[in-house]
Amino acid sequence: MFKWIQENRWLPTTYLAVAFFLVLGGLDVSLINANALIPGAVFAAAILFARRLPWLATALIVVGESVQVLLGQTPTFSTISVPVAVFVIAAFGHRAVRNSALLISLLGAGIVIWFLCFGSFATFESLGIVVSQEQMPVAFFGALFLTFGWLALAWILGRLLFVQLEHVGSPMDRALTLLTQARLNVELAKQNERLDIVRDLSELLIQRVGAVLSLTEGGSYAVKQNPEVAGRVLERASEAAKSAQLELRRLFDLLHTDAVIGGVTPRLADLEALIIAYRELGFSTEMRSEGISFKLDEGAEMTLYKIVLESLENVRKHTPRDTSVTVEFTWVEPGLQLMIKDNGVETANRAETQLNEIIDGYGVEEDLGALVQQIDGSTLNALRERAALYEGTVEATFQPGVGFTIAAIFPQLRTVVEGK
């Protein structure tokens, strides 16, 4: 809802203005007279312009209240539009205009109530309320207190809406932010691994350069003592220089991939928040775990996290909302099986099927295709490479009429982690 309000500047206030004019104006005409539509239309226009032209909306509030006084009308149902206009102005107007709108609406309401109590027309008696002269001051201040409180409450709620839109965001906004943060954490962890490799290569390169310097210094001394040794010394120095150049090339390639320092390595404990984020995006996600888990290092946890994240991201891109996704961890003594299942195909077929129609399911060709078709892709291959570091495999299979399943199997994960 908040995102819709932010993206459609005129549409929300247009809907509000039309709805209030039709409903409240209809009540005014049926219970009072047709002249009641005049201030009702002005107040509805104030709602219409409250977001984009708040100064105009504020002026329309004054005009509407003045029309009520000049026509000698009692407060109509359309007067409810005034707090709504103040609410919208408080939510989207600048400081000066929203404060002015509140003060002007309070002043106008006070004048209307004064005429209602002490004027020569539109008295409490016209509303069917009998108030004696002694009770009139109490009625005046009571009506004033209630009206001021109602307008102030509308203004405060408008400011709360502003805070929600600008600083808190909707559950959808928070879910998207969490997903972005998850992908950044994975990328930063990958860059940190790359920097570790750079550090090792730098140390090796220093050793290679040192070897070249030692050989050249020794060679210059050996040439003076025994010229026959010069050829062998130059050959060894050339080999050491070539090795140093190779390491330097590898270091150059790594340093020119926009490495970033910092970030937090994603852990399995972060998956619960990721699952909740996808629920906010409209997917029925759940996570299950069977067996007794064992301790993993950061690299293994990041690999598993990456598999789950990429699988969920693939579901978000290629399946409709309301798709059910299940993330299953099956822990055994030596290893782990991770499965991510979705029913995207079934959900899509159900959405395209008319009421009372029967879903055909799938045919023989789809069944045979699921048996022989090999599912590949750059993301899937990258996940396979990550899993291979821990002697694991990642396979994607198509379930005809249902959806896709990503299965990551690590038969000796515990042994590999402890070995590292």
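Annotations
- For the range 22-38, Karplus couplings with θ = phi - 60° (6.51, -1.76, 1.60), whole Hz, Gly/Pro x: 5, 6, 6, x, x, 5, 5, 5, 6, 9, 10, 6, 5, 5, 5, 5, 5
- Segment ARG9..LEU160, full-extension length gain: 52.5 nm, with 0.36 nm per residue of separation and the alpha-carbon distance subtracted.
- Charge context of GLY344, other residues only, Cβ under 14 angstrom, K/R +1, D/E -1: 0
- Förster radius 35 Å - calculated FRET efficiency between LEU153 and ARG321 (Cβ-Cβ, nearest 0.05): 0.45
- Total formal charge among the other residues, if their Cβ is under 14 angstrom from that of GLY40, Lys/Arg +1 and Asp/Glu -1: -2
- Proximal charge balance of TRP55 [Cβ under 14 Å; K/R count +1, D/E count -1]: +4
All of the numbers you see were taken from the coordinates with simple rules; none came from a lab. If you're wondering where the values come from, they're calculated on a predicted model, not measured in any experiment. With ideal geometry, Cβ positions are generated from the backbone for all residues, glycine too; neighbour counts draw on all protein chains shown.
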